[in-house]
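Heads up, the thing below is written out as structure tokens.
Read-outs throughout are calculated quantities, based only on the coordinates presented, and are distinct from any laboratory measurement. Nothing here was measured: the structure is a model prediction, and the numbers come from that model. Reconstructed Cβ throughout: ideal geometry from the backbone, glycine too, with neighbour counts over all protein chains shown.
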Amino acid sequence: MKRMSVRGKLLFTFLVGFFGPLLIIGSSSAGPNDPINIGLTMDFSGVTAQIGIRETVIIKNVVKEANDAGGINGRRIELFILDNGADPSKVTGNLKMLRELNKCVAMMEGVNSTCGIAAKAWADRNHIPIITEGAMTDLVLQKEGKAWFFKSCGSTWAHAEATIKRLKELGYTKVGFQGSTLAWGVDVLNTLKKQAPKSGINLVGEVLCEPKSKDLTIQAMKLRDSGAQTVVCADYEAEMGVWARALKTIGWKPFSFSYSSGLLSTALKISPPELFEGWETTQIIDDSKPLVKKIWDQYAALSGKRWDDDQTPRAWDGISLLLEAIKLSGNPDDPGAIRDGFYKIKGFPIACGRPDSKGSFAIGRNESLTPDDMMVYIVKSGKLVVVKKK
């Protein structure tokens with residue numbers, strides 16, 4: 001047999017090294033016993049870290065319960081988790097890594113609206129289904145066609161309608177706004193500007209505040225001097241405490257309405273709760289709903305702490321809806337089939353919303369909640385208590 005030349009050996013080595021992996025990838029397919037890989041990019045550091053850490057406890061537990069029950073069609077669910085630091089550039093890097101390195105067929109994205117915008121853009125480009133449990137911004141809404149990005153939390157427009165309805169009931173017509181300079185705060189402000197005048201409510205003053213602000217006294221005086229009767233607050237938990245202290249410093253006690261019950265709930269624990277006495281908020285849960293209580297109890301048992309707000313329930317909804325979409329897809333190895341699986345979800349039991357609220361998606365609507373699912377709560381003695389209707 002004729003021996004291969006040195007040059008031939010080098011060429012052979014190159015071809016095997018270059019084309020071999022491609023051939024393996026192209027010819028391989030998941031077997032009936034292989035896991036279904038899903039990814040989670042979450043806020044474990046940065047401005048929304050406290051929420052991300054809490055929500056992940058429930059997300060991991062839902063996956064564990066599903067695996068203990070036999071997985072999906074007998075296949076185990078493998079959850080890969082990465083920290084995005086509430087940074088949109090890290091979100092896109094994480095999603096790419098989860099897809100390329102961990103072979104994830106679907107993803108879940110965390111709390112921050114700015115990160116949600118980046119995640120939706122990535123999902124649309126790469127055709128990988130993603131669900132968020134925290135990005136409230138309307139900029140991630142899908143108003144026509146099929147989506148690659150879905151939501152289990154309430155949207156800014158829905159909270160705006162519920163907020164405006166409540167302010168109108170109380171007779172307030174002059175509103176001031178205080179919020180974050182990040183996407184969520186700006187989005188809330190723009191939505192209120194569009195929707196409030198339709199109900200005879202005027203936005204008379206506004207202040208946008210930087211993350212990690214330590215003193216907002218000047219901003220508080222600006223809103224007071226604008227003639228505002230009430231203040232809608234769309235800021236994060238630590239900054240909300242700074243704002244409440246500023247109101248106390250200048251001796252101004254406007255009726256205050258937080259745009260996020262979850263953030264207000266956290267603020268009650270990291271700042272003196274008396275600062276928020278009488279504040280109201282919209283919340284996407286009914287605390288009498290059995291599933292909500294079950295999730296709260298699960299979190300307490302797993303973490304040793306209680307957080308009776310809407311954040312762990314919306315996380316439960318997000319991961320549960322994702323697993324249901326995978327189950328209904330008919331092909332859990334195909335991201336496109338999983339995407340279509342979301343549109344097969346009809347009447348799925350969810351924790352968020354009123355007792356009769358159900359999860360479902362329709363083409364041209366990638367969210368499962370509406371203004372009718374929002375409920376009003378008030379802070380009394382450091383706790384959120386539902387406002388009883390007359």
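Among the listed pairs LYS289/LYS346; LYS269/LYS289; LYS293/LYS346; LYS194/LYS293; LYS174/LYS358; LYS168/LYS383, give every one whose C-alpha distance is greater than 27 Å. Let's see the in-between values first.
Details: LYS289/LYS346 20 Å; LYS269/LYS289 23 Å; LYS293/LYS346 23 Å; LYS194/LYS293 36 Å; LYS174/LYS358 35 Å; LYS168/LYS383 24 Å.
From LYS289/LYS346; LYS269/LYS289; LYS293/LYS346; LYS194/LYS293; LYS174/LYS358; LYS168/LYS383, over 27 Å: LYS194/LYS293; LYS174/LYS358.
Just for the chain, what percent of DSSP beta bridges are antiparallel, to the closest 5? Present the calculation step by step, with values, prior to reporting the outcome.
Values: 12 of 49 bridges.
Counting only bridges with both partners in the chain, antiparallel ones make up about 25 percent.
When only DSSP loop residues count, what trypsin sites (Lys or Arg not before Pro) in segment 319-353 have their Cβ near at most 11 other Cβ atoms within 10 Å?
Numbers: sites: LYS327, ARG339, LYS344, LYS346; in loops: LYS344, LYS346.
Those satisfying the criteria are LYS346.
List the aspartates and glutamates whose Cα sits under 16 Å from the Cα of LYS248, skipping any in the same chain fewer than 8 residues away.
ASP215, ASP225, GLU239, GLU274, GLU277
So for the chain, taking the charge dipole from beta-carbon charges (+1 Lys/Arg, -1 Asp/Glu), which of ALA315, LEU264, LEU170 sits furthest toward the positive end?
ALA315
Let me know the charge dipole size of segment 157-283 about its Cα centre in debye, to the nearest 20, where only the beta-carbon of Lys, Arg (+1) and Asp, Glu (-1) is charged. Could you put the intermediate results ahead of the total?
Working: 15 positive and 13 negative charges, 58 e Å.
Taking the Cα centre of segment 157-283 as origin, the dipole is about 280 debye.
Around TYR236, with a cut-off of 13 angstrom between Cβ atoms, what is the net charge of the other residues, counting Lys and Arg +1 and Asp and Glu -1?
Working: positive: LYS212; negative: ASP43, GLU210, ASP235, GLU237, GLU239.
Neighbourhood net charge equals -4.
Taking square-rooted eigenvalues a ≥ b ≥ c of the alpha carbon gyration tensor, is segment 157-283 rounded, prolate or oblate, where a/c under 1.5 means rounded and, failing that, a/b exceeding b/c means prolate?
It comes out rounded by the Cα gyration axes.
Any idea what the dipole of the chain comes to, in debye rounded to 20, about its Cα centre with Lys/Arg Cβ at +1 and Asp/Glu Cβ at -1?
On the way: 51 positive and 42 negative charges, 97 e Å.
The dipole of the chain has a size of about 460 debye.
With each run of n ≥ 4 DSSP H residues scored as -39500 (n - 2.57), what mean residue ellipticity at 222 nm is computed for the chain after dividing by its residue count and rounding to the nearest 500 deg cm²/dmol? Present the calculation step by step, with values, prior to reporting the outcome.
On the way: 12 runs with 170 residues, N = 390.
Helix-only estimate at 222 nm: -14000 deg cm²/dmol.
Relative contact order (percent) for the chain, with alpha-carbon contacts under 8 angstrom and 6 or more residues of separation? Please report the intermediate quantities before stating the final value.
Working: 782 pairs, mean separation 62.5, N = 390.
Relative contact order here is 16 percent.
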